[in-house]
1. What are the pairs with Cβ atoms under 6 angstrom where one residue, in segment A:91-113, is under 13 Å from A:F196 (Cα atoms) and surrounded by fewer than 21 Cβ atoms within 10 Å (Cβ to Cβ) and the other, located anywhere, is of a type in the set (S, T, N, Q) and at pLDDT 90 or above? Sequence gap at least six, or different chains.
2. Is there a residue being closer than 24 Å to B:G23 by Cα and of a type in the set (A, V, I, L, M) anywhere in segment A:174-184?
3. Regarding B:L150, is this residue facing chain A (nearest Cβ under 7 Å), surrounded by 22 or more Cβ atoms within 10 Å (Cβ to Cβ), in contact (Cβ under 8 Å) with a residue 40 or more places away in the chain and farther than 24 Å from A:T203 by Cα?
4. So which of A:S83, A:S171 is hydroxyl-bearing (S, T, Y) and over 22 Å from the mean Cα position of the chain (by Cα)?
5. I need a count of the residues in segment B:125-165 that are over 30 Å from B:T106 (Cα atoms), assigned to a helix (DSSP H, G or I) and among the aromatic types (F, W, Y).
6. Take the residues in segment A:221-262 that are among the charged types (D, E, K, R), part of a helix (DSSP H, G or I) and farther than 18 Å from B:F208 by Cα, then tell me which one is farthest from the other protein chains (Cβ to nearest Cβ).
7. Please tell me if B:E185 is under 13 Å from B:P93 (Cβ atoms) and of a type in the set (D, E).
8. Scan segment A:198-220 residue by residue and report those that are assigned to a helix (DSSP H, G or I) and touching a residue at least 24 places away in the same chain (Cβ under 8 Å).
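The values are calculated or read from the model by the stated rules, or taken from the named source; none is laboratory data. All values reported here derive from a predicted model rather than from experimental measurement. Please note: Cβ atoms are built from the backbone with ideal geometry, for glycine as well, and neighbour counts cover all protein chains shown.
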Amino acid sequence: MSDRKLPRLLQTPAVLMLLVWMLIPLGMTLYFSFIRYVLNSLRHPEWTSPVPSNWRGFGNYEFVLKSKDFLLAIQNSLFIVCSILFLTVILGVLIAVLINKTFPGQGIVRVLLISPFFVMPAVNAVLWINMILDPVLGLQGIAVGGINDMLDGLREMPLLGGFFSLWPEFSPISFRATQTSSIAVIMMVTWQWTPFAVLIFMTSLQSEDMQQKEAAILDGAGPWSMFRFLTLPHLGRPIAIVVMIQAIFHLSLYAEIEIVSRGNGNKNLPYLIGEFANNNIGAASATGIFAVILANIVAIFLLRMVGKTLME
Amino acid sequence: MAIVAQTSRFGTYGRPTLAWVIGLLFFFPIFYMVLTSFKTDADAVKPEFLFFFTPTLENYTNMTANYDYWHFARNSVITAVSATAFTLFVGIPAAYAMAFNPTRRTKDILMWMLSTKMLPAAAVLYPMIFLAKGIGLYDTHILIITVLCLINLPIAIWMLFTYFKEIPKDIIEAGKMDGVSTFGEIKEILVPLAWGGIAATALLVFIFCWNEAYWTVRLTTLDAATLSKLIEGNRAPEGLFFGRLSAVSTAAVGPIVVLGWFCQKQLVQGLTFGAVK
């Protein structure tokens with residue numbers, strides 16, 4: 001079948017492009033991870049050029065493994081990704097099921113709902129951390145201030161005032177602190193990616209078997225058991241796909257972390273690499289290799305999960 | 001259908017109300033950003049002017065006067081449009097080959113392509129800058145277009161592949177009988193048939209290109225800098241410039257959000273990733 005040859009060859013440009021895109025930078029990263037390579041050094045100017053004579057063996061890897069930030073960064077990366085996945089899938093399924101039936105203004109609600117997905121990640125982060133979550137000037141600060149003012153007013157009341165004076169003053173939370181910055185990142189990314197989950201689930205719900213549902217109603221099935229035994233299994237594949245695509249994007253989350261934490265807060269792996277790369281390229285590259293390994297471990301799990309159903 | 005459309009109290013009142021509340025909640029941050037962009041920097045941080053204030057266009061006029069918004073917007077359009085076109089140009093033939101002439105390794109190739117997306121950008125940033133400067137492409141449109149194409153190609157091929165796979169092979173084969181060439185087959189038969197999926201793919205890729213902020217910020221200085229670079233440069237000290245910040249942000253995300261609104265139907269229908277059987 002010689003007429004099969006050309007069609008098959010059509011994938012070569014894409015394959016070659018991605019191969020070069022992967023291998024050349026990865027090869028260079030691998031090389032940098034084994035040498036001493038810094039951008040500025042007064043004491044060792046010879047380390048500022050990437051030459052083989054600066055060979056350091058596994059020294060960079062040792063340095064990274066010993067740095068206290070490394071394990072924390074891995075923990076954080078996983079915590080952030082898992083929380084976002086969990087929240088977006090739950091919210092996505094609930095919202096998709098909610099808006100799947102026709103109701104007045106369905107089109108407008110749909111437009112409102114999916115808008116966050118189009119917002120630039122950098123804008124998303126700037127908007128949330130400054131204008132919404134800021135403890136003084138943001139909506140959070142304004143809301144907390146308003147509640148406290150109201151409580152002050154209530155305390156002045158006769159009779160009931162005594163009851164309200166037992167209530168504490170509320171204090172706003174700073175989302176730039178180490179403990180809370182991951183929460184801020186999870187909030188903003190969930191806001192942005194829930195619409196994506198809703199889009200995919202909605203598309204899938206449109207192909208749900210209505211006859212099956214009618215039969216279930218005739219058999220006396222309630223809304224919950226219909227959701228549990230018909231809708232949820234129907235959403236299995238789309239859930240797997242949403243999880244996989246989001247994992248790909250969120251493992252390399254960078255702009256949000258950078259804008260929220262500015263280095264004081266929680267770091268994830270890409271951010272730690274960026275921090276090392278300000279001067280120590282060797283250490284940054286070694287961390288990069290660790291990140292590649294982590295990504296591949298996650299990828300194997302995810303791709304198994306989705307890949308099985310892909311070729312059916 | 002009549003049976004499914006049972007009316008319950010939740011169905012008539014609860015569902016629409018809840019749906020509207022959630023929709024408005026999700027949209028609120030964007031609304032608040034647009035609203036703030038019409039306040040002066042001083043008014044923007046005063047609680048008493050939260051919703052009622054004297055609107056001003058000052059932030060927008062300052063923006064075009066101070067930072068040459070149009071330069072960045074032009075670059076965003078050029079790079080995102082070209083990168084989307086380039087991605088489809090490479091991606092459609094590849095997805096065609098995989099969907100209609102699969103081999104034993106097709107699945108592995110597809111999975112490998114997706115796994116290249118998992119390569120952390122931060123890990124390869126330095127080598128990339130090194131290479132870009134070495135071949136003299138740093139801060140050029142060509143470089144940004146190529147990079148945007150490469151980072152979106154895996155997702156695009158996957159989307160197209162899952163869409164193409166649903167098309168009956170016989171229809172494509174029929175073209176072969178009539179003596180149509182392979183490229184003719186793609187152009188005359190496949191593209192019209194899979195138009196919905198191709199449009200949705202193009203939209204998604206375009207959105208990702210427009211919003212990309214890692215490479216576009218780090219591989220440019222000014223000439224090829226896009227709107228994400230403009231945002232990066234305006235991330236001013238907290239709180240002081242809410243009005244200005246909102247105006248720049250609104251101008252940067254406005255075009256893409258409006259485009260998304262107009263094309264939401266295509267997205268809803270085409271964004272299946274093979275999840276619909």
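1. Pairs found: A:L91/A:T194.
2. Residues of segment A:174-184 closer than 24 Å to B:G23 by Cα: A:183-184.
With the extra rule that they be of a type in the set (A, V, I, L, M), the set shrinks to A:183-184.
Yes, that holds for at least one residue.
3. Numbers: facing chain A (nearest Cβ under 7 Å): yes; surrounded by 22 or more Cβ atoms within 10 Å (Cβ to Cβ): yes; in contact (Cβ under 8 Å) with a residue 40 or more places away in the chain: no; farther than 24 Å from A:T203 by Cα: yes.
Considered against the rule, which asks whether it is facing chain A (nearest Cβ under 7 Å), surrounded by 22 or more Cβ atoms within 10 Å (Cβ to Cβ), in contact (Cβ under 8 Å) with a residue 40 or more places away in the chain and farther than 24 Å from A:T203 by Cα, B:L150 comes out as no.
4. Values: A:S83 fails: over 22 Å from the mean Cα position of the chain (by Cα).
Sole residue among the options that is hydroxyl-bearing (S, T, Y) and over 22 Å from the mean Cα position of the chain (by Cα): A:S171.
5. So the answer is 2.
6. Pass one, segment A:221-262, residues among the charged types (D, E, K, R): A:228, A:237, A:256, A:258, A:262.
Add one more test, that the residue is part of a helix (DSSP H, G or I), and what stays is A:228, A:237, A:256, A:258.
Of the ones still in play, those that are also farther than 18 Å from B:F208 by Cα are A:228, A:237, A:258.
Details: A:R228: 17, A:R237: 5, A:E258: 9 Å.
Checking each candidate, the answer is A:R228.
7. On the way: under 13 Å from B:P93 (Cβ atoms): yes; of a type in the set (D, E): yes.
Yes, satisfied.
8. Filtering segment A:198-220 down to residues assigned to a helix (DSSP H, G or I) leaves A:198-205, A:210-218.
Of everything in segment A:198-220, those that are assigned to a helix (DSSP H, G or I) and touching a residue at least 24 places away in the same chain (Cβ under 8 Å) turn out to be A:V198, A:L199, A:I200, A:F201, A:M202, A:T203, A:S204, A:L205.
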